[in-house]
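Report on one structure; see the data block that follows.
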Amino acid sequence: MKKSLLVGLVVFFGIVMMMPCRAQALVIDFRTTYGEAVPSEYWAVDDDVIGIEQASRGIGATGLWNNFSTMLTWDIGFDSVTNTFKYEYTWNTFVGNLDSIIIEFTPEITLNNLEDVGTTPDLETQSGARFSTGTFPLPKNGNGNGNGNVPDTLYGIGFFGVDSTSFTLAFATGYEPVWGNFYASGVDGYYAYNTGFQRPQNGIFLPVPGGEPVPEPATMLLMGVGLIGLAGIGRRKFVKK
């Protein structure tokens, strides 16, 4: 009896030691309002991780994903040279490989509005893997439990055929961050989503592209030239008078 208990403890601590260490995290564990602009202090935090997790009830999940290890983090920055926002999301869980993840977009955003789309692992090298924008149907538990109140579809960018417990996706776009939703499904039939997706009135959201697009540098230049031209015309008319 004592020997089997000792063996069990050794195995348990061995598994714990093999688990990846989690970075210090600023966790969004308070209610946010869907569609509102995300304050810049929640875009990124220096060397720390910022995100939502199952342990703080920011993520709802089914099956083996319903544990403290399930987490989605992000790092968002603004490039003043290109006038684009750089979005990076990282999914992590200890068990159960991710199959697909969808990040919500405002409906006018398509792949044409995105730059520098990349993933780790690289989906372009995986057979059957893909990503696209559109309205995606959301798989649910057959009995309706767990995620039954989640909407049936979600518009955004979807990554499919991931097959990994850890996944990072990144892209750039001119659309600023607002509070929105995500949905993930696993190869073993597990599902995860931010709690605001299921309970909009008292749940938690994450930053997604959806605000007003920032004008491109060329557009701003043309506007500036136009204003200067109008000012010149007005000045000439004033002088003639």
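The values are calculated or read from the model by the stated rules, or taken from the named source; none is laboratory data. Since the structure is predicted, the reported quantities are computational estimates derived from the model, not experimental observations. Quick reminder, even Gly has a Cβ in these numbers, built from the backbone with ideal geometry, and neighbours come from all protein chains shown.
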One residue from V16, V49 being β-branched (V, I, T), at pLDDT below 95 and under 17 Å from the mean Cα position of the chain (by Cα): V49
Residue count, region 108-140 (criterion: part of a loop (DSSP other than H, G, I, E, B) and in contact with a helix residue (DSSP H, G or I) (Cβ under 9 Å, 6 or more places away or on another chain)): 1
Would you check if there is a residue in region 209-229 being modelled with pLDDT of 95 or more, assigned to a strand (DSSP E or B) and under 15 Å from the mean Cα position of the chain (by Cα)? yes
Being farther than 13 Å from Y191 by Cα, at pLDDT below 95, aliphatic (A, V, I, L, M) and in contact with a strand residue (DSSP E or B) (Cβ under 9 Å, 6 or more places away or on another chain), is that true of even one residue in region 55-69? yes
If you check T110 against the conditions, is it out of contact with any Leu (no Cβ under 9 Å at 6 or more places or on another chain), exposed (fewer than 13 other Cβ atoms within 10 Å of the Cβ) and modelled with pLDDT of 95 or more? yes
Residues that are in contact with an Asp or Glu (Cβ under 7 Å, 6 or more places away or on another chain) and under 19 Å from L98 (Cα atoms): find the strands (runs of 3 or more DSSP E) completely inside region 150-204 holding 1 or more of those. 153-164, 166-173, 182-186
